[in-house]
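This report refers to the structure that appears directly beneath it.
Each reported figure results from applying straightforward, stated rules to the coordinates on display, with no laboratory input. A quick note: this is a predicted structure, and the numbers were derived from the prediction, not measured. Reconstructed Cβ throughout: ideal geometry from the backbone, glycine too, with neighbour counts over all protein chains shown.
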Amino acid sequence: MIETFALGDVVRMKKPHACGTDTWTVTRVGADVKLKCHGCGRVVMLDRLAFLKAAKQIIGKETESCRSSSQSES
Ligand SMILES: [Zn+2]
């Protein structure tokens, strides 16, 4: 179980998906959480609590938005 997460987090789940991959990216956060499988690209929705329970750990951040803007401002 994890305690918190954010949009774009890459999460390892306790159980692997049917395709054998256990890592997913959080693609939407709200009352429900939308996840995309890294192995097959399948998108699923879980309610927030179910997701927190099913997740094992956050292993990183998907960084597709870091190209467009630099982080020079601080
Ligand atoms: Zn999959």
Original post:
If you rank PHE51, PHE5 by fewest surrounding Cβ atoms within 10 Å, what's the result?
Top reply: PHE5, PHE51
Original post:
Tell me, what are the semi-axes, in whole angstrom and largest first, of the equivalent ellipsoid of the chain as set by the roots of 5 times the Cα gyration tensor eigenvalues?
Top reply: 23, 14, 11
Original post:
How much net charge surrounds MET45 when only other residues with a Cβ under 14 Å from its Cβ are counted (Lys, Arg +1; Asp, Glu -1)?
Top reply: +3
